[in-house]
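Data first, discussion second: the structure below is written as structure tokens.
The values are calculated or read from the model by the stated rules, or taken from the named source; none is laboratory data. On a predicted model such as this, the values are computed, not experimentally measured, just so you know. Cβ placement follows ideal geometry from the backbone for every residue including glycine, while neighbour counts extend to all protein chains displayed. Just so you know, the surface numbers come from the protein's heavy atoms only, side chains and all, with ligands and any DNA or RNA stripped out. Shrake-Rupley method; radii C 1.70, N 1.55, O 1.52, S 1.80 Å.
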Amino acid sequence: MHFHDDALFPETQEKLVITVAPYGPEWEPDDFAEDLPLTMDEHVQTAVDCYNAGATVLHIHVRELDGKGSKRLSKFNELLGRLREAVPDMILQVGGSISFAPEGEGADAKWLSDDVRHMLATLDPAPDQVTIAINTSQMNIMELMTPDDTAGTSMDRPELANTYREMVVPAGPEWVEEHLRRLQAAGIQPHFQLSSIPQLETVERLIRRGKYTGPLNLTWVAIGGGFDGPNPYNMMNFVSRVPDGACLTLETLMRSVLPVNTMATAMGLHARCGNEDTIWGRRGEKMTSVAQVEQVVRIARELGREVATGKEARDIYRIGQTYADADETLARLGYAPNRRVGQVGFTQHA
């Protein structure tokens, strides 16, 4: 991404798209009962409240009545159907890690099988986006958590903490290519959740080989433990490698969420918040997902940056658009074109 002399002026920036992740599948309900929805009505009302506060992208997980993260696609279908009516302008983004939470006490938090994960492309009604991980990697979310973060929560239990400490995200090349094929065939836009520059490079190769042809919406996920950490040098190195035609959101966890969202908002990038990322505001004080959205809106207002409406966010994300082939995708995203047979030197668009 290029930053011209006027790049930090709010009038030259896109309106801010705020993603909220208010269903916190890693937490148990008692960790923050006031903010972790349990019933379907509570799931829907949470979305309405977050939308009214200023969020335009909803990152979706579903909780069963016993408090565990749901692995039943029927529950996702039910929620998506109700959300289409309750928040029709909101971008509905299903989290690809739908089996994030352990099944039982101390059980391994394993992702569902490849075949079951592919079934996210058959959700009805279809979401606007499904998040997708690239390249199998460690996902030790405990690495960056402090005693303040886990105090008084289920994460204080050693067996549960170790479950998340040892978690791995399976996202090998065969699965990724097939998942992209199915999502695109269903008209669902993939939202790439990337932990590092090597994963971004893999996405570029997928585009160059025609495996993905469409707008590039991605999130830099700085949660440590196999992913980048919330280090400004890591962040800017990643930002510098993202093509100009992409739409980039920054994500991190716990009390790093606010400063990273502030940087994202100031730089013309996009923000993500919610109890999946943090349940904390000031040190030792819990903060609801709605309050987090309101906080990002206040920061944007202070910086003079406008917050996108739902319809404006759809335009920014280019929901529903696809491109003809690799050549068009590369050109629209701002990547250099593929090398033609016999061509030497550096490649560039005319």
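Remarks
- Criterion (open to solvent by 30 Å² or more (accessible area, probe 1.4 Å) and in contact with a strand residue (DSSP E or B) (Cβ under 7 Å, 6 or more places away or on another chain)) met by exactly one of ARG282, ARG272, ARG314: ARG314
- Residue count for segment 208-227 satisfying the condition of being crowded, with 21+ Cβ neighbours inside 10 Å, over 22 Å from LEU58 (Cα atoms) and not hydroxyl-bearing (Ser, Thr, Tyr): 2.
- Contact map, segment 201-215: residues that are farther than 12 Å from PRO190 by Cα paired with residues that are open to solvent by less than 30 Å² (accessible area, probe 1.4 Å) and among the polar types (S, T, N, Q), Cβ distance under 7 Å, separation 6+ or inter-chain. Pairs shown: ILE207/THR329.
- All positions within segment 84-116 that are open to solvent by 10 Å² or more (accessible area, probe 1.4 Å), at pLDDT 90 or above and of a type outside the set (Lys, Arg): GLU85, ALA86, PRO88, ASP89
- Only one of the listed residues (MET167, MET119, MET139) is in contact with a strand residue (DSSP E or B) (Cβ under 7 Å, 6 or more places away or on another chain) and modelled with pLDDT under 95. That residue is MET139.
- Residues of segment 117-168 that turn out to be β-branched (Val, Ile, Thr), without any contact (Cβ under 8 Å) to a residue 40 or more places away in the chain and closer than 17 Å to LEU253 by Cα, as a count: 1
- Some residue of segment 257-267 being in contact with a Ser or Thr (Cβ under 9 Å, 6 or more places away or on another chain), under 21 Å from ALA300 (Cβ atoms), surrounded by fewer than 23 Cβ atoms within 10 Å (Cβ to Cβ) and not β-branched (Val, Ile, Thr): yes
- Elements of type strands (runs of 3 or more DSSP E) contained in segment 187-293, each with 3 or more residues being at pLDDT 95 or above and touching a Phe, Trp or Tyr at 6+ places or on another chain (Cβ under 6 Å): 217-222
- Among (1) at pLDDT 95 or above; (2) assigned to a helix (DSSP H, G or I); (3) exposed (fewer than 14 other Cβ atoms within 10 Å of the Cβ), the one test that VAL176 misses: (3)
- Candidates are the residues of segment 187-207 that are within 11 Å of ILE134 (Cα to Cα) and among the polar types (S, T, N, Q); the one that is surrounded by the fewest Cβ atoms within 10 Å (Cβ to Cβ) is THR202.
- Whichever residue in segment 295-309 is buried (at least 18 other Cβ atoms within 10 Å of the Cβ) and not aliphatic (A, V, I, L, M) and, among such residues, is nearest to the chain's Cα centre (by Cα): GLN295
- Number of the condition not met by MET236 [criteria: (1) buried (at least 17 other Cβ atoms within 10 Å of the Cβ); (2) free of Cβ contacts under 8 Å to residues at least 40 places away in the same chain; (3) under 29 Å from GLN321 (Cβ atoms)]: (1)
- Among the candidates THR46, THR19, the residue that is closer than 21 Å to THR153 by Cβ, in contact (Cβ under 8 Å) with a residue 60 or more places away in the chain and either open to solvent by less than 10 Å² (accessible area, probe 1.4 Å) or outside any loop (DSSP other than H, G, I, E, B) (or both) is uniquely THR46.
- GLN184 being open to solvent by 20 Å² or more (accessible area, probe 1.4 Å), in contact (Cβ under 8 Å) with a residue 60 or more places away in the chain and assigned to a strand (DSSP E or B): no
- When segment 50-67 is filtered for residues that are out of contact with any helix residue (DSSP H, G or I) (no Cβ under 8 Å at 6 or more places or on another chain), within 17 Å of THR131 (Cα to Cα) and not in a strand (DSSP E or B), only HIS61 remains.
- Residue within segment 68-83 that is open to solvent by less than 20 Å² (accessible area, probe 1.4 Å) and outside any helix (DSSP H, G or I) present: yes
- When the residues of segment 132-160 are filtered to those that are hydroxyl-bearing (Ser, Thr, Tyr) and farther than 18 Å from TRP27 by Cβ, the one that is surrounded by the most Cβ atoms within 10 Å (Cβ to Cβ) is SER137.
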